[in-house]
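Scroll down for the structure; my scribbles are underneath it.
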Amino acid sequence: MGSPAATYTGTEVGDKIVVGVADLAVTGDPSTTLVTYALGSCIGVTLYDPIAKVAGMLHFMLPNSKLNADKAKALPAMFADTGVPMLFKAVYELGAEKRRLIVCAVGGAEVLADDGHFKIGSRNRTFLRKIFWKNNILLSGDDTGGSISRTLSLVTADGTVVVRHKGKERVLWPQ
Amino acid sequence: MAAVADILENIDSLPALPTSVMRITAMLSDGTSDLGEIENVARNDEALSMAIMRYGNSALYGRSGKVFNLRESIVRLGGKALLKIVLEQKVAKLFDGAGEAYGLQRGDLWRGAVGGAIAAEEIAKKHRFGEADLCFLCGMLRDVGKLAMESHFGTEYMAQVFARMEPGLTFMECEQSAFGTEHAEVGAELALRWGLPERIADAIRYHHEPPAEDPGHDRLFDIVHAADIICLWAGLAIGSDGLQYKLAPHVRKDLGLDRKEAEAEITTTWGRLRELEEMMGTSPAREARA
């Protein structure tokens, strides 16, 4: 039986692997690009090992799986605390090493005038940073917050991370 | 500035709301459903018949080991479930291929429509609002104005809105500034032209800004509005408009919506949508747009 992450593959669309909401995908195929659309309050996390040429992407929706244990069991990529460890394990299984990983985070936006009542996006950001801090992981690229939607892509051949917003692209990594 | 009437002049390029949906809407409005009439509608529509049988034989409605034909599926599912299936099948055609002007991937606007329907129904049930099925319908139709805006302005639509975007402004305010109207108002007028009841048109009109005070206050509008925000948090149909919307404070208070409950609604809505897509064999993965 494969690892739990093996149940996640994203969806191949042409030369891309599309990562949906509450979804993750890893690949060692240098001819593909991982992409996730419509990051609002959700956060997209990318991992890239430039030596092993292994890439991974997670699109999680909420910070904490304690909210719904059954849902977390069925859909671990929905939550940061279950999805992030799963993403790391999945890239390790393809030969990536933690010390070489380039890690980026994108999304975590907020609806307007939230006034601190919900903070869905900012809680996602805070929770993710805590996970990374506890595990000595530094972010190489961070484009989070605001009230905008973002499309995130990771080019597997060289690890380039691109964020698209309002039809304009910005390279998040390398800077 | 474009008048709503000008925008709706292009209505001929949009699919009409099927007569079957009109009949179903009437059934929803007066709380009745006629299995015979639904069967008649289904028999003339192969895709709809297939969908009803898929539901009828789905684990969502309990396993039995038996394969149910159309008539048996209709009886097994019952009126309310059937109404929803017919709506999903028929209204889906309106949304087919739409959303590009909003930077959405193919199918996303429809996912957002179904997500809104599910969220509105869940909130209504939780708050014992007696018209959960009507909430489902209004949640599904809330963004039909986007179809009309896209049809009229094409891909220039977002460019004009982008030019007026400023921090803190809602997307509706940017639309108003660009066109003198916005998609909720246009959607409501479209619903009226389709002959839908005024209350449904108003639920569409107010899905971003429900009136707080009487006259005008209707819990239906509050629920559809809350469902729209739940969909944004669930990552459904987030286009170039992003999260530039506000949750009305009176809705948050009246529905007692706090973070914990919001997160529960998000996971429930998303989970039900996923179950539905798995059952219908519709992939959430979309054809990439250039």
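Values in this text are rule-based calculations from the coordinates and carry no lab data. None of the values given here were measured: they were computed from a predicted structure. Using ideal geometry, Cβ is built from the backbone for each residue, glycine included, and neighbour counts are taken over all protein chains shown.
Given a cut-off of 21 Å, name the pairs among A:Lys71/B:Lys146; A:Lys16/A:Lys130; A:Lys71/B:Lys66; B:Lys84/B:Lys125 whose C-alpha atoms lie farther apart than that in the structure shown.
Working: A:Lys71/B:Lys146 32 Å; A:Lys16/A:Lys130 31 Å; A:Lys71/B:Lys66 29 Å; B:Lys84/B:Lys125 15 Å.
Checking Cα-Cα distances, A:Lys71/B:Lys146; A:Lys16/A:Lys130; A:Lys71/B:Lys66 exceed 21 Å.
Between B:Glu213 and A:Thr9, the simple label model (points 7 Å from Cα in the Cβ direction) yields a spacing of 5.9 nm. Using C-alpha pairs under 8 Å with a sequence gap of at least 6, the mean separation divided by the residue count of the stretch A:4-173 gives a relative contact order of 26 percent. The H on the amide N of A:Asp142, modeled in the peptide plane, is under 5 Å from the matching H of A:Ala105, each at least 5 residues off or on a different chain. A viscosity of 0.890 mPa s and a temperature of 25 °C, combined with the Kirkwood radius over C-alpha pairs in the Stokes-Einstein formula, give the stretch A:4-173 a diffusion coefficient of 157 µm²/s.
Between A:Phe132 and B:Leu35, the FRET efficiency estimated from the beta carbon spacing at R0 = 56 angstrom works out to 0.50.
Within the same chain, aspartates and glutamates fewer than 8 places from A:Lys89 are excluded, and of the rest, those with a Cα less than 19 Å from its Cα are A:Asp23, A:Asp29, A:Asp49, A:Asp81, A:Glu97.
In the structure displayed, which of A:Lys66/A:Lys119; B:Lys93/B:Lys246; A:Lys119/B:Lys246 lie more than 20 Å apart, Cα to Cα?
B:Lys93/B:Lys246
Among B:Trp270, A:Trp173, A:Trp133, rank each residue by its count of other Cβ atoms within 10 Å, from fewest to most, as a rough exposure measure. Can you show the working numbers first?
Working: B:Trp270 26, A:Trp173 20, A:Trp133 10.
Ascending Cβ contact count within 10 Å gives the list A:Trp133, A:Trp173, B:Trp270.
For the stretch A:50-66 versus the stretch A:104-136, the spacing of their alpha-carbon centroids is 15 Å. Sorting B:Glu275, B:Glu121 by the number of Cβ atoms found within 10 Å of their own Cβ, with the fewest placed first, yields B:Glu275, B:Glu121.
Cβ crowding within 10 Å ranks A:Thr82, B:Thr19, A:Thr126, B:Thr25 as B:Thr19, A:Thr126, A:Thr82, B:Thr25, fewest other Cβ atoms first.
R0 = 22 Å: FRET efficiency of A:Ile51 with A:Asp142, Cβ-based, nearest 0.05? Mind showing how you got there, number by number?
Details: r = 23 Å, r/R0 = 1.04.
With a Förster radius of 22 Å, E is 0.45.
Summing charges over neighbours of A:Phe88, with a neighbour being any other residue whose Cβ is under 12 Å away from its Cβ, gives -1 when K and R count +1 and D and E count -1.
For chain B, what value does the Rg/Rh ratio take when both radii are computed over Cα atoms and Rh is the Kirkwood radius, given to two decimals?
Details: Rg = 18.6 Å, Rh = 19.4 Å.
Radius of gyration relative to Kirkwood radius: 0.96.
Using the Cβ-Cβ distance between B:His250 and B:Glu278 with R0 set to 45 Å, the FRET efficiency from 1/(1 + (r/R0)^6) comes to roughly 0.75. For the residues of B:263-269, the average number of beta carbons from a partner chain within 10 Å of their own beta carbon is 5.
Rg over Rh of the stretch B:124-266, using C-alpha atoms and the Kirkwood radius, what does it come to? Present the calculation step by step, with values, prior to reporting the outcome.
Values: Rg = 15.0 Å, Rh = 15.7 Å.
That ratio is 0.96, to two decimals.
What the Cα convex hull of the protein assembly as shown gives, in volume per residue, is 146 Å³. Summing charges over neighbours of B:Asp228, with a neighbour being any other residue whose Cβ is under 10 Å away from its Cβ, gives 0 when K and R count +1 and D and E count -1.
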